[in-house]
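The values are calculated or read from the model by the stated rules, or taken from the named source; none is laboratory data. Remember, predicted model here, so these are calculated numbers, not experimental data. Please note: Cβ atoms are built from the backbone with ideal geometry, for glycine as well, and neighbour counts cover all protein chains shown. All accessible areas refer to the heavy atoms of the entire protein, side chains included, with ligands and DNA or RNA removed. Shrake-Rupley method; radii C 1.70, N 1.55, O 1.52, S 1.80 Å.
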Amino acid sequence: MEKRWLLFVNLLLLQLFLFLLLAYNYVFTSFRIPVTIVLFAIIAVMISSLWVVREMLRLVERESEAEKVMVRLEEAEKLITTLRSKHHDFVNHLQVILGLIQLKMDNDAADYIKGLSKDLIQIEKLVSLKRPEVAALISSKLASLSYLQASLDINTTLAELSIPPEKLVSILGNLLDNAIYETSFYKDKWIKIRIDQEDEWFIFEITNPGTIAPEIRERIFEPGFTTKGHEGTGMGLFIVKNLVRECGGTISFDSRDDDIMTVFTVRLPKTPMEYGN
């Protein structure tokens, strides 16, 4: 608050001096102010102006960093909530396993444990990510969709990924929402998520059942274009494409008619960049 107050005072003084400078001829002739004093005042105001600008830029940068930290904290809280719910469910799972063993249904108990272990492995992969917003986003999306068979293939921690969290969440969130929506049209409801790295790129790959009709493939990134009718705005993929480009990455898709699946692939650079706010 103290710095903000100093900035405010300096801006007032700067405006006052500019007013006096505009009336310089009148002031100089009426009060016979020496030129050296006027020059000194000009230099002082110039220095003060530079300080004001520098401090304003610092404040903007700090506010931007604070916003990023808040996003990370919010997503971390979501992840913690999801993990707590899993912990609660785990007690129920143990009770089921115990009941199956007591009923001497060993094969059923073994199958149940295999399915449970797969779920725990996926959670472990998410927790290993150094970007909590990504882990929280994926876990929260999948936790609310128990009917969806999700497969995670995570081979990186994303430790070197420097993209701001709000941009990353917007990119992945839109792609996940689209993929989940497409599963509603198929009996087998599944989704595959791959997070990997190669050379100087991080790779985010989301696969879902269904294909994109050839006649609209060139239009899916257009603003306002949607196949969801009144349920869609047509802005999701448009926003994703712009954000990916802004971050120095690429986005592509492969709609496979033979396999009846569509794969969206986003490549984001490892090299740190200056991102706009």
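DSSP loop (so not H, G, I, E, B), at most 11 other Cβ within 10 Å: list which chymotrypsin sites (Phe, Trp or Tyr not before Pro) in segment 121-208 pass both filters. List each step's numbers first, then the result.
Working: sites: Tyr147, Tyr181, Phe185, Tyr186, Trp190, Trp201, Phe202, Phe204; in loops: Tyr147, Phe185, Tyr186.
Here the chymotrypsin sites (Phe, Trp or Tyr not before Pro) that fit, given the DSSP loop and packing criteria, are Tyr147, Phe185.
Work out, step by step, the length gained on full extension between Asp153 and Met105: first 0.36 nm times the residue separation, then minus their alpha carbon distance; give nm to one decimal. Walk me through the numbers on the way to the answer.
Numbers: separation 48, 0.36 × 48 = 17.28 nm, distance 3.18 nm.
The span from Asp153 to Met105 would gain 14.1 nm if fully extended.
Once neighbouring chains are kept in place and the probe is 1.4 Å, which whole percent of the accessible area of segment 182-252 is contributed by carbon and sulfur? Intermediate values should be presented prior to the final figure.
Numbers: 2000 of 4050 Å².
Within segment 182-252, the accessible surface is 49 percent carbon and sulfur.
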message: How much length would be gained if the chain were fully extended between Ala213 and Arg194, taking 0.36 nm per residue of separation minus their Cα-Cα distance, in nm to one decimal?
response: 4.4 nm
task: With 18 Å as the limit, write out which pairs from Lys167/Lys241; Lys187/Lys241; Lys125/Lys192; Lys167/Lys192; Lys130/Lys241 have Cα-Cα distances beyond it, or answer none.
output: Lys187/Lys241; Lys167/Lys192; Lys130/Lys241
- prompt: If you keep only loop residues by DSSP, which GluC sites (Glu not before Pro) in segment 133-167 have at most 15 other Cβ atoms within 10 Å of their Cβ?
  reply: Glu160
- line: For segment 98-107, in residue order, the Karplus 3J(HN,Hα) values (coefficients 6.51, -1.76, 1.60; θ = phi - 60°; whole Hz; Gly and Pro = x) are 4, x, 5, 5, 5, 7, 6, 9, 4, 5
Whole-Å distance, taken between Cα centres, linking segment 191-206 and segment 120-169: 12 Å
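Stretched out fully, how many nm does the piece from Ser184 to Ser140 gain, at 0.36 nm a residue minus the Cα gap? Don't jump to the answer; show the numbers that get you there.
Values: separation 44, 0.36 × 44 = 15.84 nm, distance 1.83 nm.
Gain on extension, Ser184 to Ser140, equals 14.0 nm.
Give the residue list of trypsin sites (Lys or Arg not before Pro) in segment 111-193 that are DSSP loop and have at most 14 other beta-carbon atoms within 10 angstrom. Intermediate results must be reported in sequence, preceding the final value.
Numbers: sites: Lys114, Lys118, Lys125, Lys130, Lys141, Lys167, Lys187, Lys189, Lys192; in loops: Lys130, Lys187, Lys189.
Loop-located and lightly packed - Lys130, Lys187.
Over all distinct alpha-carbon pairs, what is the Kirkwood Rh of segment 92-227 in angstrom?
Numbers: mean 1/r = 0.0578 Å⁻¹.
By the Kirkwood definition, the hydrodynamic radius is 17.3 Å.
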query: Going by accessible area, probe 1.4 Å, with all protein chains left in place, what is the ranking of Thr157, Thr233, Thr207, largest first?
result: Thr233, Thr157, Thr207
